[in-house]
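Any read-out appearing in this document is the output of simple, stated calculations on the displayed coordinates, not a laboratory observation. Because the structure is a prediction, the values reported are computed rather than measured. Don't worry about glycine lacking a Cβ; one is built from the backbone with ideal geometry, like all the others, and counts go over all protein chains shown.
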Amino acid sequence: MNNAYGRLDAKFAQSLVDIVAAELNKNVNILDDRGVIIASFSRERIGQVHESGARMLKAGIIKEFYVSKEEERYLSGIRQGFNVPIMFENRCIGVIGVTGNQEMAEPYARLAARFVEANVQSNAQQEKLVRALQEKEELRSVFLNKIITIQEEERKRISRELHDETSQSLTSIIVGLRMLAEQVQSSEDKEKILKMRDLAVTTLEAVHHIAVELRPVLLDDLGLVAAAKKYIENYAKQYGISMHIDFSNLSRERFSPEIEITLYRILQEALTNIVKHAQATEVCVSLNKRQDKLILMVHDNGVGFNTEIVKNTHSHTCLGIYGMGERVALVEGTFNIKSAIGQGTKLFVEIPLRGKNNRVL
Ligand SMILES: Nc1ncnc2c1ncn2[C@@H]1O[C@H](COP(=O)(O)OP(=O)(O)OP(=O)(O)O)[C@@H](O)[C@H]1O
Ligand SMILES: [Mg+2]
């Protein structure tokens with residue numbers, strides 16, 4: 001963004017000059033802080049140096065001055081008129097000059113100077129607000145990044161613990177119960193023990209499911225492609241939706257952990273949304289590399305929805321789509337969702353493999 005803080009706006013200056021000059025039928029010039037004419041009723045003077053103005057500005061003299069008819073004769077290129085400094089935060093940022101005799105030119109020059117000052121001030125205010133907003137936005141994205149990282153680390157830790165500790169213990173219990181069942185004589189006791197074993201098996205499956213949902217070990221060990229394929233396979237089995245997968249130009253290639261987890265979470269949310277909302281019978285998922293980008297597309301043939309309504313409803317319960325967009329922005333990618341009632345939903349994510357500043361993601 002062009003930094004306009006405390007600087008004269010040439011367009012505004014020219015409009016003001018045109019209005020005052022037309023009113024008075026006299027020439028009006030506005031000089032910047034080095035004495036260069038940035039606005040003038042005589043267009044050919046724009047860009048030229050106003051010698052007496054420049055001399056005063058260079059000498060640090062901040063005061064109104066009048067060029068008389070006599071002075072006009074020996075100052076080359078300078079016309080009779082009244083000149084007023086333009087001030088911003090106790091600094092002289094330019095001069096406005098109105099030609100003509102003092103009586104007529106002085107009030108107009110002063111009024112015009114105040115107008116320019118008000119304009120510079122309001123621009124500076126706006127610039128300050130924009131900067132504050134930018135800083136806030138940067139901070140928000142840093143926080144968000146941190147929250148997501150902490151959340152992922154925590155999920156990873158719990159998932160590993162469920163996988164390595166809880167699952168192992170349950171497996172030992174299952175094996176122990178089976179052995180115990182073999183040792184007891186009474187068929188009634190045997191049946192009770194086997195029932196307990198079955199319960200432990202169901203619990204083990206549930207724990208495994210939670211661990212995978214939290215953070216699949218596959219994602220860290222074998223990467224996005226393997227983890228996504230496995231997730232889709234389980235999903236198709238669980239919900240009976242026909243899945244078409246195209247990961248054709250990716251083998252077992254690995255990408256940065258940020259990209260892998262981002263795309264995995266988006267796939268998870270997209271497929272969860274399809275089960276929750278779409279009533280779809282067919283889903284296509286494609287993940288491909290094109291040039292230096294990874295592209296994920298998820299299409300379903302479900303009921304669709306009005307994206308405008310969802311975008312404009314700031315509900316604190318519908319965070320899935322919003323979260324997908326935020327995650328993609330953190331890895332400098334683009335996120336789009338296209339949908340219409342009765343026409344299914346298409347989700348499109350593009351992530352550069354090389355981020356801004358040539359950072360390898
Ligand atoms: N594939 C889809 N098919 C049909 N409607 C969808 C689909 N995906 C999203 N929607 C609609 O968009 C809305 C917002 O989705 P979003 O994922 O943001 O929230 P949610 O799924 O309702 O809640 P959560 O915060 O748990 O994700 C949904 O409530 C649903 O109406
Ligand atoms: Mg959702």
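Based solely on its DSSP helices, what 222 nm [θ] is calculated for the chain when runs of n ≥ 4 H residues each add -39,500 (n - 2.57) and the sum is averaged over all residues, nearest 500 deg cm²/dmol?
-17500 deg cm²/dmol
Going by C-beta contacts inside 10 Å, put 95, 201, 212 in order with the fewest on the left.
Working: 95 27, 201 15, 212 19.
In increasing order of surrounding Cβ atoms, one gets 201, 212, 95.
How do 66, 231, 74 line up, fewest other C-beta atoms within 10 Å first?
Lowest to highest Cβ neighbour count: 74, 66, 231.
With N residues in the stretch 10-136, what two-decimal value do you get for its Cα radius of gyration over 2.2 N^0.38 Å?
In units of the 2.2 N^0.38 Å rule of thumb, it is 1.09.
Please compute the net charge surrounding residue 179, taking Lys and Arg as +1 and Asp and Glu as -1 over other residues with Cβ under 14 Å from its Cβ. List each step's numbers first, then the result.
Numbers: positive: 178, 190, 197; negative: 182, 189.
In short, +1.
As I understand it, the dipole of the chain uses +1 on the Cβ of Lys and Arg and -1 on the Cβ of Asp and Glu, about the Cα centre. Which of 268, 129, 340 lies farthest toward its positive end?
Going by the charge dipole, the pick is 129.
Percent relative contact order of the stretch 10-136, based on C-alpha pairs within less than 8 angstrom and at least six residues apart?
Result for the stretch 10-136 is 20 percent.
If the viscosity is 1.567 mPa s and the temperature 4 °C, what translational diffusion coefficient in µm²/s does Stokes-Einstein give for the stretch 142-294 when Rh comes from Kirkwood over Cα pairs?
72 µm²/s
Suppose a student asked you for the relative contact order of the stretch 216-311, using Cα pairs under 8 Å spaced at least 6 residues apart; what percent would you report?
Taking the mean separation of contacting Cα pairs over the length of the stretch 216-311, I get 27 percent.
When the Kirkwood radius is taken over all Cα pairs of the stretch 218-358, what Stokes-Einstein diffusion coefficient follows at 37 °C and 0.692 mPa s, in µm²/s?
Translational diffusion coefficient: 212 µm²/s.
Looking only at 344, 60, 323, which one moves most when the chain is put into a Gaussian network model with springs between Cα atoms under 10 Å?
Its mean-square fluctuation being the largest, the pick is 60.
For the chain, with a Gaussian network of springs between Cα atoms less than 10 Å apart, report the residue from 283, 184, 225 with the top mean-square fluctuation.
184
List the relative contact order of the chain as a percent without decimals, with contacts defined as Cα pairs under 8 Å and 6+ residues apart.
RCO, the chain: 9 percent.
Let's see if you can work this out: charge +1 on each Lys and Arg Cβ, -1 on each Asp and Glu Cβ, no other charges. What is the dipole magnitude of the stretch 1-149 about its Cα centre, in debye to the nearest 20?
320 debye
Return 163, 244, 50 ranked ascending by Cβ neighbour count within 10 Å, so the fewest neighbours appear first.
Exposure proxy ranking, most exposed first: 244, 163, 50.
With the convex hull built on the Cα atoms of the chain, state its orientation-averaged projected area in nm².
On the way: hull surface 116.1 nm².
That works out to 29.0 nm².
For the stretch 63-180, what is the convex hull volume of the alpha-carbon atoms per residue, in Å³? Can you show the working numbers first?
On the way: hull volume 15.2 nm³, N = 118.
Spread over its residues, the Cα hull of the stretch 63-180 gives 129 Å³ apiece.
With 30 Å as the limit, write out which pairs from 146/237; 289/338; 136/229; 11/293; 11/63 have Cα-Cα distances beyond it, or answer none.
Violating the 30 Å limit, Cα to Cα: 146/237; 136/229; 11/293.
What angle do you read, to the nearest 10 degrees and between 0 and 90, between the alpha-carbon axis of helix 102-161 and the longest principal axis of the chain?
The angle comes out at about 10 degrees.
If you fit an axis through the alpha-carbon atoms of helix 187-214 and take the longest principal axis of the Cα set of the chain, what angle between them do you get, 0 to 90°, nearest 10?
That helix lies at roughly 20 degrees to the long axis.
Could you tell me, in Å, what Rg and Dmax come out for the Cα atoms of the stretch 180-237?
Expressed in Å, the Cα Rg and Dmax of the stretch 180-237 come to 17.4, 51.
Among 289, 136, 63, determine the one that fluctuates most according to a GNM of the chain built with springs between C-alpha atoms less than 10 Å apart.
63
Which listed residue (28, 250, 294) has the Cα farthest towards the positive end of the charge dipole for the chain, taking +1 on Lys and Arg C-beta and -1 on Asp and Glu C-beta about the Cα centre?
Among 28, 250, 294, the one farthest towards the positive end of the dipole of the chain is 28.
Can you run phi through the Karplus equation (6.51, -1.76, 1.60; θ = phi - 60°) for the stretch 286-303 and list ³J(HN,Hα) in whole Hz, with x for Gly and Pro?
In residue order, the calculated couplings are 10, 9, 9, 9, 10, 6, 9, 10, 9, 10, 10, 10, 10, 10, 10, 9, x, 6 Hz.
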